[in-house]
Structures are given as C-alpha cells and as structure tokens.
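A.B. asks: Pasting a structure below so you can have a look.
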Amino acid sequence: MIVGDTMEYKNILVGTDGGDLMAPVYDNAAYFAGLTDATVHIAYVLDIAGFTAYPVDSSWENMYDVLLIEGKNIVANAKEDLASRGVNEDRIVTTVLDGHPAEELDTG
C-alpha cells in the first residue's frame, strides 16, 4: 500500500526453497524491509504429498526428521542472507510448515 510518498507494509512473506535463484528474492525483500521497517517472514514448506503413498513406519519418521532438519537449515540460511543485506535480525521470523506450498503460503 502506498500512502502519500511512503509505503506502509508491516509484513513481507518470503517462501523459500533455499535454491540459488533465491538471491534476487532476498535482495528485494531486504530492499522493501528497509523502506518500510516491515517484518520479513521466511517460510519453507515440507511438501510431503509425494510421500503419502508410503506406509507410515519408523523409516517415515526418520525421513520426516531429516526433511525437517533440512527445512530448518534452509530458513536459518535465508535469515543469515537477509541479515547480511541489512535486515535487522529482530525483524526476521522463520518458520517450517507441513503441507502443499501453495496452500500453506496462501495469505488470502
């Protein structure tokens, strides 16, 4: 939202996969956060839909734990990337979600 000559955003949502193509996204998020003092929310979604065909047993729990750790590493790295671009670490929130990315990241 633009009011007068200033932008008024309180929150910026960045969905990340941790890939190399995220750098320009982090650049833009840092730029807008700097203009608005918005809080940047970084989200990674564990898209486990492809694993629903497998029976749930101890190996599934181990696989889930590995994916969860990887998701936490991805958002932690994204937080570091944003902080290195000048975003105050107190204004960066990270989260790892389960489900379908389009549904989990829908803010509507």
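A.B. asks: Among the residues of region 88-104 satisfying the criterion of being surrounded by fewer than 16 Cβ atoms within 10 Å (Cβ to Cβ) and of a type in the set (A, V, I, L, M), which is farthest from ALA30 (Cα to Cα)?
C.D. replies: ALA102
A.B. asks: Suppose we keep only residues that are part of a loop (DSSP other than H, G, I, E, B) and surrounded by fewer than 14 Cβ atoms within 10 Å (Cβ to Cβ) within region 1-16. Which one would you say is modelled with the highest pLDDT?
C.D. replies: LYS10
Every residue, every condition in (1) among the basic types (Lys, Arg); (2) part of a helix (DSSP H, G or I), yes or no:
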site: ILE69; (1), (2): no, yes
site: LYS72; (1), (2): yes, yes
site: ALA78; (1), (2): no, yes
site: LEU82; (1), (2): no, yes
site: LEU97; (1), (2): no, no
site: ASP106; (1), (2): no, no
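A.B. asks: Pairs, please: C-beta under 9 Å, at least 6 apart or cross-chain, first residue closer than 23 Å to LYS10 by Cβ and in region 69-89, second of a type in the set (D, E, K, R) and assigned to a loop (DSSP other than H, G, I, E, B)?
C.D. replies: Close Cβ pairs (under 9 Å, with a partner that is of a type in the set (D, E, K, R) and assigned to a loop (DSSP other than H, G, I, E, B)) amount to ASN88/ASP37.
A.B. asks: Looking at this structure, is GLY86 modelled with pLDDT of 95 or more and of a type in the set (Gly, Ala, Ser)?
C.D. replies: When the stated conditions are applied, GLY86 passes them.
A.B. asks: Can you tell me how many residues in region 29-51 are closer than 21 Å to PRO101 by Cα and either without any contact (Cβ under 8 Å) to a residue 24 or more places away in the chain or part of a loop (DSSP other than H, G, I, E, B) (or both)?
C.D. replies: 4
A.B. asks: Give the residue that is surrounded by the most Cβ atoms within 10 Å (Cβ to Cβ), with candidates limited to residues of region 17-28 that are closer than 24 Å to HIS100 by Cβ and among the charged types (D, E, K, R).
C.D. replies: ASP17
The values are calculated or read from the model by the stated rules, or taken from the named source; none is laboratory data. Because the structure is predicted, anything quoted here is derived from the model rather than measured. Please note: Cβ atoms are built from the backbone with ideal geometry, for glycine as well, and neighbour counts cover all protein chains shown.
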